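Colleague: Structure below; questions to follow.
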Amino acid sequence: MSPTAPTNSPDEIHRERLHQLALFLRESEQILADFDAWREEHSDLHGWPLDDDEHSRRAVKRDADTWRSFNRVRSFAKDLLATAEIQVQQLNPAHIQSRWPWQLGVLDHALKQLGALQQQWLEARDALPPTARPGTFAYDDALAERNEEAWSYLDDWASHGKAILEIQAVAQDLPPRSPALTSATTHARPAAVAAAPSSGARR
């Protein structure tokens, strides 16, 4: 009988998820910086691109790369939010940044919109003719449309996702005002923070 593989504890799983979030934050920042640097170099004095087609291709790549990077987080982003909300509730109010609840609301709203866009993409993909495969115009155009519509919400996560890391850091360093959080990632999500509108894209 083969030995059973060790199971990671909830705390270990949560730390690994935070690590994946941190990777996304760094990658998305670099993706945007690369795009902005290219755009600045290839625009006229009024900020208009010198080559519209190449600008469009670069924007499509930026959107796709940002979606691909966030995909490592998307499946458990809801759990990260739920844990952060519980941690904020348990912290002494004196240690809470006033922007955190708003930022968690922005992230929650953005995640819901990304979920809706993904569902729309899956339905659109399934409706494509059998000949529409990756690399064909019909497939790639539909995928690029999803990525373009998703980018502002991905940018919300790139802009405000650090709040989850900040909350975790404070929760680790300070004692909670109620019994310690245990297995937070497996608990049911509390009442969601009121959804906040998208904070605006960094285009």
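Colleague: Consider the stretch 102-119. How many of its residues are open to solvent by less than 10 Å² (accessible area, probe 1.4 Å) and more than 12 Å from R74 (Cα to Cα)?
Modeller: 3
Colleague: Go through A195, A171 for me and flag whichever is loosely packed, with under 15 Cβ neighbours inside 10 Å, at pLDDT below 95 and among the hydrophobic types (A, V, I, L, M, F, W, C).
Modeller: Matching residue, one of A195, A171: A195.
Colleague: So how many residues does the stretch 99-132 have that are over 30 Å from V88 (Cα atoms) and touching a residue at least 24 places away in the same chain (Cβ under 8 Å)?
Modeller: 2
Colleague: Test of understanding: among S28, S56, which residue is open to solvent by 30 Å² or more (accessible area, probe 1.4 Å), of a type outside the set (D, E, K, R), out of contact with any Cys (no Cβ under 8 Å at 6 or more places or on another chain) and assigned to a helix (DSSP H, G or I)?
Modeller: None of the other options fit; the residue is S56.
Colleague: Suppose we filter T83, T66, T7 for residues that are part of a loop (DSSP other than H, G, I, E, B) and either open to solvent by less than 60 Å² (accessible area, probe 1.4 Å) or on the phi < 0 side of the Ramachandran plot (or both); which single one remains?
Modeller: T7 is the lone residue from the list that is part of a loop (DSSP other than H, G, I, E, B) and either open to solvent by less than 60 Å² (accessible area, probe 1.4 Å) or on the phi < 0 side of the Ramachandran plot (or both).
The values are calculated or read from the model by the stated rules, or taken from the named source; none is laboratory data. On a predicted model such as this, the values are computed, not experimentally measured, just so you know. Every residue, glycine among them, receives a Cβ derived from its backbone with ideal geometry; neighbour counts consider all protein chains shown. Only protein heavy atoms, including side chains, enter the accessible area calculation; ligands, DNA and RNA are left aside. Shrake-Rupley method; radii C 1.70, N 1.55, O 1.52, S 1.80 Å.
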